[in-house]
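The values are calculated or read from the model by the stated rules, or taken from the named source; none is laboratory data. The structure presented is a predicted model; accordingly, all values stated were derived computationally and were not measured. Here the Cβ positions follow ideal geometry from the backbone for every residue, glycine too, while neighbour counts run over all protein chains shown.
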Amino acid sequence: MSVLEGVRVLDLGRYIAGPLCGAMLGDLGAEVIRIERVGGGEDRAQYPLGDEADAGAAYLAFNRNKKSLTLDPGSPKGREVMKRLVASADIVLVNMPLPAIQKIGLDYESLKAIKDDIILLHTSAFGNDGPYAERVGFDGIGQVMSGTVAISGNPGDPMKSVVCWVDVSTAMFSAYGALAAIVHKRATGQGQKVETNLLRSALNLSNVQIIEQAVIDRNRPATANRMQAGGPGDLHKTKDGWVMIQVAGDGLFRRWAKLMGEEEKWTSDPRFASEMLRGDNNAILSERTAAFTKDLTTEEALAAFAAAKVPAGPLLNPQQVLEDEHVNAVGMYRMTDYPGLPKPAPLVEPGARFSGFEVPRERPPTAGEHTDEILAGLGYDRAEIGALRAEGII
């Protein structure tokens, strides 16, 4: 039995932060119903995969283990459907600004009037109070406001990540909040509102840099791929590719120095006597490591670092990730068919593995795939469902 078996989640999330949270709850056995506009949500089109599929790569990545119901929740009859859905649910998940959810009756007070012990998971860009409360935002906004993009890339050329780490971390914090709220509800019988926002998540992940700045006025510059605390650590060219190494701690530093064939030279130099100093002088360490890797193939460099027990990894493009022997040996992806795709999509397995229960492995739903099934479960008969569809409510 999965830990959330019997828990119903209404997922009105869009893009990444909301939908991924819903998928994670689905991984734990919850029944997750994605509620999207008639014809399919606007987030289905991101990273399109051809004209025959109604979903792009981003939708497929973040909407596993769900059912789909299409609905116009702003119409009077759509609101009646939503009320029945809320009455049947344990959790409502939304990532829209507060005024938007108030307009369609999905704020906590409205939901609680329908079901007293409901749990609302509400994600926004900046939270529901403070000077930025009414601003809208996406992942990149959270990234650049976290303090980290300013010290990423090269000096004068800041670089945000192509991976939406603010959205993804917000989904994780929301799932964590949902689990805590479920535990609390089971103990007390009480629901609650759980709020997350993109900026809060970004600051959680950048807290190390913020603490350092506040306490010692560090004012770090951008250092491209070089580690800023400790070293050596950088991305280095080989004869046929690139390798990343990361050295942390005195023991690893000695192993690196021994591999370079110059243990005494590096370990006795006062410029590298501590982690902080090695970070400050990492450009020198990077130069030495680059001289070591430039005449080796990637395979040779990785073998040398592995023999010395110095952490290293190759720079892989997406195709190389798909072909990586370890990724394939441990089954990090499951090839998943989806209607209209020219070939199966590799959906990554959830980040946690469990020995006590099986994680569901249902493909993301097509738009409205389960509408009739869900409405029938709410007590609508075939004629009523047909009438709602004819009016464009579902």
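Among the residues of region 378-394, write down those that are under 33 Å from the mean Cα position of the chain (by Cα) and buried (at least 17 other Cβ atoms within 10 Å of the Cβ). If the condition is that a residue be under 33 Å from the mean Cα position of the chain (by Cα) and buried (at least 17 other Cβ atoms within 10 Å of the Cβ), then 393, 394 are the ones that fit.
Would you say residue 22 is surrounded by fewer than 19 Cβ atoms within 10 Å (Cβ to Cβ) and either part of a loop (DSSP other than H, G, I, E, B) or in contact (Cβ under 8 Å) with a residue 60 or more places away in the chain (or both)? Criteria not met by residue 22. Condition (residue is modelled with pLDDT under 95, surrounded by fewer than 22 Cβ atoms within 10 Å (Cβ to Cβ) and not assigned by TED's automatic domain parsing to the domain that holds residue 372) applied to region 26-44: is it met by at least one residue? No; the residues of region 26-44 include none that is modelled with pLDDT under 95, surrounded by fewer than 22 Cβ atoms within 10 Å (Cβ to Cβ) and not assigned by TED's automatic domain parsing to the domain that holds residue 372. For region 93-109, what are the residues that are in contact with a helix residue (DSSP H, G or I) (Cβ under 9 Å, 6 or more places away or on another chain), surrounded by fewer than 19 Cβ atoms within 10 Å (Cβ to Cβ) and either over 23 Å from residue 138 (Cα atoms) or not hydrophobic (A, V, I, L, M, F, W, C) (or both)? 102, 105, 109, listed by residue number.
Screening 117, 90 for residues that are surrounded by fewer than 16 Cβ atoms within 10 Å (Cβ to Cβ) and either closer than 19 Å to residue 41 by Cβ or in the same structural domain as residue 184 (by TED's automatic domain parsing) (or both) leaves exactly one candidate, 117. When the residues of region 361-377 are filtered to those that are surrounded by fewer than 16 Cβ atoms within 10 Å (Cβ to Cβ) and not charged (D, E, K, R), the one that is farthest from residue 26 (Cα to Cα) is 376. Pairs, please: C-beta under 8 Å, at least 6 apart or cross-chain, first residue assigned to a helix (DSSP H, G or I) and in region 379-391, second among the basic types (Lys, Arg)? Cβ pairs passing all conditions: 388/77. Counting the residues of region 163-180 that are free of Cβ contacts under 8 Å to residues at least 12 places away in the same chain and under 8 Å from the mean Cα position of the chain (by Cα) gives 0.
Taken over region 238-263, residues that are touching a helix residue (DSSP H, G or I) at 6+ places or on another chain (Cβ under 7 Å) and assigned to a helix (DSSP H, G or I) amount to 5.
Looking at region 345-373, which of its residues are among the β-branched types (Val, Ile, Thr), outside any loop (DSSP other than H, G, I, E, B) and within 20 Å of the chain's Cα centre (by Cα)? Scanning region 345-373 gives a single hit, 348. What's the number of the condition residue 312 fails, among (1) in contact with a strand residue (DSSP E or B) (Cβ under 9 Å, 6 or more places away or on another chain); (2) farther than 20 Å from residue 228 by Cα? Status for residue 312: all satisfied but (2).
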